[in-house]
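Beneath this line is the structure, given in structure tokens, with notes to follow.
The values are calculated or read from the model by the stated rules, or taken from the named source; none is laboratory data. Note that the coordinates shown come from a computational prediction; the quantities given were computed from them, not determined experimentally. Backbone-built Cβ (ideal geometry, glycine too); neighbour counts: all protein chains shown.
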Amino acid sequence: MKISIKMISIATTFLWLFLITFCVSVAYSIKDVQFNFEEPNVSVTKKNELLFSLPISIFNKGYYNIDSFNLTTKVLDRESFTLACQSTFVPVIEKNKKTIVNHTVTVNFNDLLQNSQDYLFNDTELKLYMIVGMKLADVIPVQVSTNLSLPWGAPLYNFTIGKIRYGVDNATRVKATIPISFENHAPFDLNGTVKIKIYNNSDVFLGDGETSIEAPQGSSYQDYVEVSVKNAETISDSGRLEVYIQTSLFSYGPMVISYG
């Protein structure tokens, strides 16, 4: 009986030594896993959605494989409204090997504008909430999370409507010329149209005109919209403009601007 108790004691001691050694080796294994997050890229998909791409290189120098690697990213606006949530799963990251993971999240631009139009006209930022989960040695689950800020450049930064200039169009009509300008700070090219309607101070519709937009990312845009006014007598020194912007990514309007 004493021999059996002694054998159990020895076995228990070996078990604890094994567990301690295993835990220490796992701890060192975590230390030897390198995560390198490269510069995120933003592009436009065929469905006209914003695609955020984050390449990650994982170098597992530890003693064990990494199993069930999962990266989940939530994209939130300034009011913490969730715009998108997507995950990337890698079944196994083998020890002593480097693995490249391309984590992507798509965002509908109209969802971005649903709560705030600031993303059209002002440089701001998006919030990213990231959760990384994995299993070490196929036994120990590990999970970490972090909050990040992603700078956002407005596609219509400093959008400006200039002073209306009137000139003779023909014997019966007057031509109104309206200058427009902005800077495209967004990470994508902007192509579409701008339409402007003119109303006088008595809320009488004078006419409308349209021009095309071609503004590559990082460029300044300057052009004008011409409006043919049928009745010159309806022109007043003040009134309002209704601006409509149509692109493949978003539709916006009317933006009401007073003049005079």
Problem - strands (runs of 3 or more DSSP E) within segment 1-74 that include 1 or more residues among the small types (Gly, Ala, Ser) and at pLDDT 50 or above - result: 41-44, 50-60
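Results for (1) over 22 Å from the mean Cα position of the chain (by Cα); (2) outside the structural domain of Leu113 (by TED's automatic domain parsing); (3) surrounded by fewer than 16 Cβ atoms within 10 Å (Cβ to Cβ); (4) β-branched (Val, Ile, Thr), shown as yes or no for each residue.
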site	(1), (2), (3), (4)
Thr211	yes, yes, yes, yes
Asp237	yes, yes, yes, no
Tyr244	yes, yes, no, no
Leu249	no, yes, no, no
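Every residue, every condition in (1) modelled with pLDDT of 85 or more; (2) touching a helix residue (DSSP H, G or I) at 6+ places or on another chain (Cβ under 9 Å); (3) farther than 30 Å from Asp32 by Cβ, yes or no:
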{"residue": "Lys98", "(1), (2), (3)": "yes, no, no"}
{"residue": "His103", "(1), (2), (3)": "yes, no, no"}
{"residue": "Tyr119", "(1), (2), (3)": "yes, yes, yes"}
{"residue": "Val132", "(1), (2), (3)": "yes, no, no"}
{"residue": "Gln143", "(1), (2), (3)": "no, no, no"}
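Can you tell me which residue in segment 141-159 is surrounded by the most Cβ atoms within 10 Å (Cβ to Cβ), limited to those that are in a loop (DSSP other than H, G, I, E, B) and hydrophobic (A, V, I, L, M, F, W, C)?
So the first thing to find is which residues in segment 141-159 are in a loop (DSSP other than H, G, I, E, B), and the list is 153-156.
Keeping just the survivors that are hydrophobic (A, V, I, L, M, F, W, C) gives 154, 156.
Numbers: Ala154: 20, Leu156: 27.
Applying the filter and picking the extreme gives Leu156.
Phe89: closer than 16 Å to Pro55 by Cα, modelled with pLDDT of 90 or more and of a type in the set (Phe, Trp, Tyr), yes or no? Spell out the reasoning first.
Working: closer than 16 Å to Pro55 by Cα: yes; modelled with pLDDT of 90 or more: yes; of a type in the set (Phe, Trp, Tyr): yes.
Against the criterion (closer than 16 Å to Pro55 by Cα, modelled with pLDDT of 90 or more and of a type in the set (Phe, Trp, Tyr)), Phe89 qualifies.
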Exercise for the section: Run Met134 past the list (1) part of a loop (DSSP other than H, G, I, E, B); (2) in contact (Cβ under 8 Å) with a residue 40 or more places away in the chain and report the number of the one that doesn't hold. Expected result: (1)
Problem - Every residue from segment 175-221 that is assigned to a strand (DSSP E or B) and small (Gly, Ala, Ser) - result: Ala176, Ser181, Gly192, Gly207, Gly209, Ser212, Ala215, Ser220
Exercise for the section: For residues that are out of contact with any Gly (no Cβ under 8 Å at 6 or more places or on another chain), outside any loop (DSSP other than H, G, I, E, B) and either within 22 Å of Ala186 (Cα to Cα) or in contact (Cβ under 8 Å) with a residue 60 or more places away in the chain (or both), tally how many sit in segment 225-260. Expected result: 7
Practice task
Kindly provide the set of residues from segment 41-100 that are over 17 Å from Pro151 (Cα atoms), among the hydroxyl-bearing types (Ser, Thr, Tyr) and in contact with a Ser or Thr (Cβ under 7 Å, 6 or more places away or on another chain), ordered by number.
Solution key: Thr45, Tyr63, Tyr64, Thr72, Ser87
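Just give me the residues in segment 46-74 being of a type outside the set (Ser, Thr, Tyr) and free of Cβ contacts under 8 Å to residues at least 60 places away in the same chain, in sequence order.
Within segment 46-74, the subset of a type outside the set (Ser, Thr, Tyr) is 46-52, 54-56, 58-62, 65-67, 69-71, 74.
Once the filter is applied, which keeps residues that are of a type outside the set (Ser, Thr, Tyr) and free of Cβ contacts under 8 Å to residues at least 60 places away in the same chain, segment 46-74 yields Lys46, Lys47, Leu51, Leu54, Pro55, Ile56, Ile58, Phe59, Asn60, Lys61, Lys74.
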